[in-house]
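Participant: The following block contains the structure, expressed as structure tokens.
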């Protein structure tokens, strides 16, 4: 009887440990995204302040980890698709061919959007439409960039 109760308690405890590990991974991913988005905003503002708005376009497709003071401990670098096959779950890498920053999930569903597979981000160029619904004010041609989640 005691062994049966102990076994049930162990199963529940192991389930909770797995849940908290996934939640910790999610929090780490979100924190890194916030830092990279802040670094991207800083880059854009610096270029605008220096009158170099035309260079903002060049940020699209760049590796956002390079803008951080130091890369996270679980960032393994820029890798080709073949080399990325050996990256363990819980690590980040940048694929220069696809221009994507990728977090390797492994078998951990429920992270972020609940989908299985890796989580991919890309710095993409954003542009406003040339015509605005407010006819009195036309949008400028100033480009913008954003770090957004993209499909794998």
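Participant: Here are some residues: 33, 14, 9. Which one is assigned to a helix (DSSP H, G or I) and closer than 25 Å to residue 98 by Cα?
Facilitator: Details: 14 fails: closer than 25 Å to residue 98 by Cα; 9 fails: closer than 25 Å to residue 98 by Cα.
Testing whether each residue is assigned to a helix (DSSP H, G or I) and closer than 25 Å to residue 98 by Cα leaves just 33.
Participant: Report, ordered by the first and then the second residue, all pairs with beta carbons closer than 8 Å, sequence separation of six or more or different chains, a first member in region 37-64 that is on the phi > 0 side of the Ramachandran plot and at pLDDT 90 or above, and a second member that is buried (at least 17 other Cβ atoms within 10 Å of the Cβ) and outside any helix (DSSP H, G or I).
Facilitator: 61/122; 61/123
The values are calculated or read from the model by the stated rules, or taken from the named source; none is laboratory data. The shown structure was predicted, so the numbers you read here are calculated from the model rather than taken from an experiment. Backbone-built Cβ (ideal geometry, glycine too); neighbour counts: all protein chains shown.
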